[in-house]
Structures are given as structure tokens and as C-alpha cells.
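Everything on this sheet refers to the single structure shown next.
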Amino acid sequence: MRHEETPTLSTPAAPGPTVPGSPGPSPWMLRIVTVGLVLAALNLRPAITSLGPLLEEVRDSLHMSGSVAGVLTSVPPLCFALFGFMAPRLARRFGTGAVVCAGMAAITAGLLLRPFVGGTAGFLAASALALMGIALSNVLMPVVVKNWFPDRVGTVTGLYSMALALGTALAAALTVPLTDALGGSWKTGLAVWAGLAAVAILPWIALVRDRGTGAGRTAGRDGGQAPALRITRSRTSWALACFFGLQATAAYITMGWIPQIFRDAGISAGTAGVLLAVIMAMGVPLAFVIPRVATRLRTQGPIVLVLSGCGLLGYAGLYLAPAGGAWFWALLLGIANCAFPLALTMIGMRSRTGAGVVRLSAFAQSTGYLLSIPGPLLVGVLYQHSGGWGLPLALMAALLVPQTIAGVLAGRDRTIEDEC
């Protein structure tokens, strides 16, 4: 078994973005970074999961067809892919802290604007602004962890993954009650989440001038080896990108369509939102546990198999008895959804250096999100043309097969430096 303290996982001896021979960061700075990670993670999914419980109201108000709604649920991975590729370059130029701070500001502005700009095009544009901020932060979170906490990759990854799952669940569970409490308008119910994003800007302001967390400084600390790294030549990189993309497909189908599946089965909008919250809330404890377990195993394939098995059972249950076993299916899908923190952990484990993590994180997440774009759209098309959920659920179950294969391959005991 492998522990977090092995050289493979923690190249620098001291935590924090320091150069050789320089003192490590102060305890207060580490606390600020930790708070910043947690607050940023809380805001990486409410833009998406707050929409699911109100999707029917948004569709009716904006006159969306099922296919257009499918496009809407495909916008997150599209934005994550396009803007995720920009993250390493922006981090090299401005520093990771500045880019994440700007990302939180973009999330705030996008969430505040999108319910009120009017029309489908305006809604999509404002959503894209928020999702741009999420995309940049998505890619850079593993980099921040590797640079500031190199000897605690699993623990800190688990902490912010847990916060991410908590934010996801809160948005799913509270959006409908907040909408009712604030007058019943879906516009107010969606806009209220801008407040949480605004709070997340604050700790990152302290890190704006710190270029030490940037990708450029990371590359320099690693002896200038980063330019020679050919990420696309690594089989592990491609396996991790495919695993990330397929788990993202399942996640965004879940966040965009699972509430509608429950509503079509006769469950109320409020209860459907709570069921989605249960799915996401399973990630709160498991997102903390799974990274810690993963860093102690030589290979992560067994974890992949368990998660995929739960997903298959959950989809079968949704097909056979969506209302009768709704709470149990939600629990199973919540466990399956924890492939995300596992993928983030493997990004940190599959490179020896911070520079390698920058490149691997950008490649795996951006390529993975590109691969995930057709899934939610295809579910919307199948739902509209078949008039039921049989075909969409069959597609979701079928996609678990290549996801499992890719996850087992990505979880092998090797690093990208061995293959590039």
C-alpha cells in the first residue's frame, strides 16, 4: 500500500509554493488558502444543481423544447472544456490566486445576471460567464493542493471535494424552498446563489499578488522539465481523461435530468430537489474518505468497480420503480457520483511534480469535459422523441462500461513521467 508521504506524491519537502532553500508559508497563509479552497469548492456546482429542480419552470418561461433544454444541460461541460484549456496559461501569467479570484467574481456576476437578462440566448450567455469561472477554478484546485499541501494531497483533496459536494447538495435541496420563501419566482431562486459566490472572493484577494502558486513558478521549481513533457503520449493521461469525461457525463446528466425523472414519476418538485440533494450529499462524507483511501492503495481499480456497480444498480432501480424506491436509488447514485473526487485524487497521484499536475489537470479535465458534452444533449433528445426514460436510462447504464475500463487503467501504479 502507498501512503501520502511517499516521494511520488510529494516532491517538495515543505508545504507551500516555495523555491529550494526558502522558508515555507506561514500558518496563517495556509489557513487562508484552506478557507479559500473550501469556499471556492462550495461554489463550483450551485450554478448547475440549482437549475435542475427549476428546469421545468425555466423551460416554460423561456419556451424551451426538450432538445434545447438538453443543450442547456450540455453547456457546463462545453464551457469547462473550452475555458479549462486556458487555465494553465492564465496561471503562468497572473498567478493561480489571481485567476481563481477572477473565477469567483465571474461566478458571482453570471449567477446574478442570468435570470434577468431575458430570453434563452441571454440566459445561456450569463450561464457561460459563471461556468467560465467554475472551469478555471476546476482545473486549478488540484494545482493549489499540490503546491501548498504536497504532503497532504489526499486529505486536502478530500476536504475541498467534501465542500464541493456540500455546495452541490445545498443548491439542489434549498433552491425550491428559497424560491417559495422569496416570492415564488424562479428568477429570484436562481439569483440568490450569487451571494455565496461573492463571499468566496474574499480569501482569494489575499492571494492575488502571490505568483508562487502559479503554474509558471511550479515549472521553474521543477527544474524546467515541464516543456519536455508530452502529455498526449501518455496512455495514463488518456485513460484519466476518458474516465474524467465519462464520470462528468453521468454527473451532468444526473444534475440536469434526475429531478425531471422523479417528477415524471409523480414526485413533487420540492421532493425531487431533495432527492437530487441526497445524491449530492452522499459526496460530503465519501468525498473526504475516498481520496484518503485512494492514496493508500497501490491501484485505484477496486474503488472504480465499487462505484460503477452502485451506478448500474441505481439506473436499474430508476427504470423499474422510480417512485417506489426513489430514496434508495438516490443513495446508490450518490455513491456512484463519487467518481469525481476519485478522479481529482488520481490527477494528483499520476504525476511526480507540481508542473506535471498542472498539465495533467488541464488535459484530463478539459479533454474529459469535451467528451462529456454529447451525453446530456443526447438524453434530452432521446427523452423528447421516445416519450419516456427507458432509452435515456439504458444509455446512462451503457456508458458505465467504458467508464469502468478507463478508471481501472487510470488507476494503475504509474506516473505520466514514466510514459512521456
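The values are calculated or read from the model by the stated rules, or taken from the named source; none is laboratory data. The shown structure was predicted, so the numbers you read here are calculated from the model rather than taken from an experiment. Please note: Cβ atoms are built from the backbone with ideal geometry, for glycine as well, and neighbour counts cover all protein chains shown. Just so you know, the surface numbers come from the protein's heavy atoms only, side chains and all, with ligands and any DNA or RNA stripped out. Shrake-Rupley method; radii C 1.70, N 1.55, O 1.52, S 1.80 Å.
General observations
- Carbon-plus-sulfur accessible fraction, the chain (probe radius 1.4 Å, protein heavy atoms only): 68%.
- Per residue of the chain, the DSSP helices (runs of n ≥ 4 H) give a summed -39500 (n - 2.57) that works out to -24000 deg cm²/dmol at 222 nm.
- Efficiency of FRET between SER386 and VAL306 - r from beta-carbon atoms, R0 35 angstrom, step 0.05: 0.65
- Here's the picture: a label point sits 7 Å out from the Cα of ALA265 along the beta-carbon direction, and within the stretch 365-394 the residues with their amide nitrogen under 14 Å of it are 389-390, 393-394.
- All C-alpha to C-alpha distances of the stretch 87-140, sorted into 5 Å bins beginning at zero, yield P(r) values of 5, 25, 26, 18, 13, 9, 5, 1 percent in whole numbers.
- Calculated accessible area for the chain comes out at 36 Å² per residue, all protein chains present (probe 1.4 Å; ligands, DNA, RNA ignored).
- When all alpha carbon pairs of the stretch 116-210 are counted in 10 Å bins from zero, the resulting P(r) reads 13, 36, 33, 15, 3 %.
- Computed FRET value (nearest 0.05) for ILE405 with THR34, which takes r as the C-beta separation and R₀ as 30 Å: 0.25
- Translational diffusion of the chain, µm² s⁻¹ [Kirkwood Rh, Cα pairs; Stokes-Einstein; 4 °C; 1.567 mPa s]: 61
- Estimated FRET transfer efficiency when R0 is 35 angstrom, pair ALA394-ASP60 (beta carbons, to 0.05): 0.80
- Length added when fully stretched, ALA206-PHE328, from 0.36 nm per residue minus Cα-Cα: 39.6 nm
- Computed over the chain, relative contact order equals 28 percent, with contacts defined as Cα pairs under 8 Å that lie 6+ residues apart.
- Packing-based ranking of 114-127, 404-417 yields 404-417, 114-127, ordered from highest to lowest mean Cβ neighbour count within 10 Å.
- Ellipsoid semi-axes for the stretch 258-320, based on the Cα gyration tensor and the rule √(5λ), read 29, 15, 5 Å when sorted largest first.
- Largest GNM mean-square fluctuation among ARG292, ARG235, ARG359, using the chain with Cα springs under 10 Å: ARG235.
- Simple spin-label estimate for THR299 and THR188 in nanometres, 7 Å along Cα-Cβ: 5.6
- Between ALA121 and THR155, the simple label model (points 7 Å from Cα in the Cβ direction) yields a spacing of 5.3 nm.
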